[in-house]
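Before any comments, here is the structure.
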Amino acid sequence: LPDEVTTPAGATTAPVLGDMAPEEFRRWAQEVVDWMADYLAGVGELPVLPGVVPGELRSVLPSSAPERGEDFGRILSDYRNLVVPAVTHWNHPAFFAYFATTGSAPGILGEMLAAALNVNAMVWKSSPAATELEEVVTDWVRELVGLPGAFEGVINDTASSSSLYALAAAREAGLPEAREEGLANAPRCRVYASAEAHSSIDKAVITLGLGRAGTRRVATDRAFRMDTEALRRAVEEDVRSGVRPLAVVATVGTTSTTSVDPVDLVADVAAENGMWLHVDAAYAGPAACLPELRHHFAGWERADSVVLNPHKWLFTPVDCSILFCRRPEMLRGAFSLTPEYLRTSEQGEARNLMDYGVALGRRFRALKLWFVLRWFGVEGVRARLREHVRLAREVAAWVEAEDGWDLVAPVPFSTVVLRRVPAGSDPEAQDRMNADILERVNRSGGAFLSHTVLGGRVSIRLAVGNLRTTGEHVRTAWELLRNAAAEVDGGAG
Ligand SMILES: Cc1ncc(COP(=O)(O)O)c(C=O)c1O
């Protein structure tokens, strides 16, 4: 990437008062956009992980802000020469760690315009456009993934926030006195989730004042899906001992293996016990737009709330998480609090987004998602998701066909979990080998994968989700894994 920045003629440092002059902004904006286009075109040539150690970037940056404003050309040079080399490239086509994502071009353009408008969608009046576009675009996504019209969508920063708000609504529904009285005299309440559910559920339950013991983890079967008989027994046991079951979280696409809880059966247990059903489909949710994958979502239409993240597998730059709620009055019941200074003449007539979560101020996130959906279109989204699923299945087939490797979990979506298991080695040695293989692949800069632990054993995860990922990138990643395994087998240091 070019690292030369030429200061345009007439550029100045900041004036005594006011902002950068519009003409100077225009020139720098063009320079920045050129950089972005070059970056997106060439990101695949960069190492996915930067070769930096903790503290390295801090050590080359001043410890205080400059007393006098600096020339923007210098600032941009430092961005290119100091900041970018310390970046882990999530937009890299060989980024296969965690859940791979894409900040797509239309999404980036939406972010830029949202930054320029800088609206704060606290109440309808403070941003009619952001409020109503959020309604339109979440409705589009709802329809795309086949959820019924009864679900109302709001956009939050992350799935962690969305699940926190969903469980706050569950507390409002199941323990309405908590809002006024707190929990001091409340019965012990419980939220159920599988052993494979995301840690954001425990965090939400802690945040809601129910403590770590407020979450009860339910055993999973051999395919890492919630055992609904174990759920039923856990709820019955709790009820017998005076615990109030508030909610159950079913996950469609768990973090470690993308396993799918049997949502329909979970919904039965929720209905039998008057519990709120929250479905965490943060990663896999967008895949419900594919008719051939829709069966994985059977029963989620019975949920009280569903979270899915366009910033994971719907090509939208972070952050963008949609919380769909069938009982939005419970969300408002949990969060609505209108001081005089936020009262407007449209009270009751329009939606005020501050009523749906903790944050008063909210970014205009709907704009980038609107751009993404319009530019790719439903057909384009489907084609790209399908290709990711195809690539993952290809990797899974290679793993299954190769001696000394195991496919650790089924591949319902675009994530493959694999483990090196050479004949004659014991499980502890295999754990060390897998960690070593992963370290070697990631150090190479050619691909970035992550790990998980299942049943106490280390496995390697390869998640396909970037728009630039092709068959060549997954082949290279598989070759890197095989080569690293051969080095480890050979005792290479
Ligand atoms: C199933 C699931 N839920 C929730 C989350 C948390 O997502 P976020 O980073 O948006 O809070 C993740 C993150 O990977 C996830 O896999």
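The values are calculated or read from the model by the stated rules, or taken from the named source; none is laboratory data. Bear in mind that the values here come from a model prediction, so they are computed numbers and not experimental data. Don't worry about glycine lacking a Cβ; one is built from the backbone with ideal geometry, like all the others, and counts go over all protein chains shown. Side chains are part of the model used for accessible areas, which takes the heavy atoms of the whole protein and leaves out ligands, DNA and RNA. Shrake-Rupley method; radii C 1.70, N 1.55, O 1.52, S 1.80 Å.
Name every residue in the stretch 254-292 that is within 16 Å of the ligand (Cβ to nearest atom), part of a loop (DSSP other than H, G, I, E, B), in contact (Cβ under 8 Å) with a residue 40 or more places away in the chain and of a type outside the set (S, T, Y), in order of residue number.
D261, A282, A284
Of the residues that sit in the stretch 124-180 and are more than 20 Å from the chain's Cα centre (by Cα) and of a type in the set (F, W, Y), which one is surrounded by the fewest Cβ atoms within 10 Å (Cβ to Cβ)?
It comes out as W124.
Any residue in the stretch 316-328 that is open to solvent by 50 Å² or more (accessible area, probe 1.4 Å), within 16 Å of the ligand (Cβ to nearest atom) and at pLDDT 95 or above?
The answer is yes; a qualifying residue exists.
Residues checked against (1) surrounded by fewer than 24 Cβ atoms within 10 Å (Cβ to Cβ); (2) of a type in the set (A, V, I, L, M, F, W, C); (3) under 22 Å from L144 (Cβ atoms):
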| residue | (1), (2), (3) |
| --- | --- |
| S256 | yes, no, no |
| V260 | no, yes, yes |
| L265 | yes, yes, no |
| A270 | no, yes, no |
| L277 | no, yes, yes |
| A284 | no, yes, yes |
| H295 | yes, no, yes |
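Within the stretch 87-144, how many residues turn out to be of a type in the set (A, V, I, L, M) and under 30 Å from G445 (Cα atoms)?
Total satisfying the criteria: 8.
With the structure loaded, tell me whether T251 is farther than 26 Å from G357 by Cβ and either within 14 Å of the ligand (Cβ to nearest atom) or in contact with a Cys (Cβ under 7 Å, 6 or more places away or on another chain) (or both) or whether it fails that test. Full working, then the answer.
Details: farther than 26 Å from G357 by Cβ: no; either within 14 Å of the ligand (Cβ to nearest atom) or in contact with a Cys (Cβ under 7 Å, 6 or more places away or on another chain) (or both): yes.
When the stated conditions are applied, T251 does not pass them.
Taking the stretch 33-70 as the region of interest, how many residues are open to solvent by less than 50 Å² (accessible area, probe 1.4 Å) and within 20 Å of W90 (Cβ to Cβ)?
Selection size over the stretch 33-70: 11.
Can you find a residue that is more than 16 Å from the ligand (Cβ to nearest atom) and either surrounded by fewer than 21 Cβ atoms within 10 Å (Cβ to Cβ) or modelled with pLDDT under 95 (or both) anywhere in the stretch 189-205?
no
Filter the stretch 395-414 for residues that are touching a strand residue (DSSP E or B) at 6+ places or on another chain (Cβ under 8 Å) and part of a helix (DSSP H, G or I); which is nearest to G465 (Cα to Cα)?
Looking at residues that are touching a strand residue (DSSP E or B) at 6+ places or on another chain (Cβ under 8 Å) and part of a helix (DSSP H, G or I), I get V395.
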